[in-house]
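Read through the structure below, which is laid out as structure tokens, and then see the notes.
What follows is calculated from the coordinates using simple rules that are stated; it is not laboratory data. Given the structure is predicted, the values throughout are model-derived calculations rather than measurements. Neighbour counts are summed over all protein chains in view; Cβ atoms, including those assigned to glycine, are modelled from backbone coordinates with ideal geometry.
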Amino acid sequence: MHQSIYRTTPPQGIYFEALVEEAFRRIKKPVAVIEAGGRNQPRHDLLVDNQKISLKTETGIGTHADHITITKLCTTEREPWEAHVLVQRVMNHLARYDTILMFRAVWRPKAIRYQLVEVPVKTLRLIDKISLQVVGKRKGRQSLGADVVREGKRLFRVHFDASDGKCSIRNLGIQHCVMLEEWEVGL
């Protein structure tokens, strides 16, 4: 529906959330329970058939086809800014979800390649096994980061940004996720 009106503007944030909520309402089974989780609250965006769903978007012009960036997995801005505390906050945050559904727009010269991807929460929970290191040259509270590895292979990088208190996921290989749907819209 969105693309029929806005061919070159991918839905983001609350607009994507509203589209997903409406899509679930249109296809629901009679026993489905759909409940909005509340905007800007530290809990799921939707509850569908007892599945807590977090909705994310990655639609900027720099979106890469082969790896995912989640610019804000969660906010961790409270003190103390210590590695074990930050990791525990992320683990507590991930415990709130059964599924992370991500809408992506990969920009091409004459089209936008859309992807609907499930990011496995189980994969993100591997953050619990990392050893964070100081990154950058910021004075005062410093950013922390680490690669998340499974069986000797790098899956993604986790980054705790000291300037804005956010945890981000960088370079998560698309092959570690579930591609639910892909389609292209000409520009």
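Tabulated values for the structure
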read-out	value
Filtered residues of region 49-63 (kept if in contact with an Asp or Glu (Cβ under 9 Å, 6 or more places away or on another chain) and either in a loop (DSSP other than H, G, I, E, B) or surrounded by fewer than 20 Cβ atoms within 10 Å (Cβ to Cβ) (or both))	Asn50, Gln51, Lys52
Residue in region 148-169 that is under 30 Å from Ala23 (Cβ atoms) and of a type in the set (S, T, N, Q) present	yes
Selection count where residues are more than 18 Å from the chain's Cα centre (by Cα) and surrounded by 15 or more Cβ atoms within 10 Å (Cβ to Cβ), scope region 78-112	4
Count - residues of region 169-187 that are crowded, with 18+ Cβ neighbours inside 10 Å and within 22 Å of Gln133 (Cα to Cα)	2
Test for Met91: is it under 29 Å from Leu19 (Cα atoms) and either without any contact (Cβ under 8 Å) to a residue 60 or more places away in the chain or in contact with a Leu (Cβ under 6 Å, 6 or more places away or on another chain) (or both)	yes
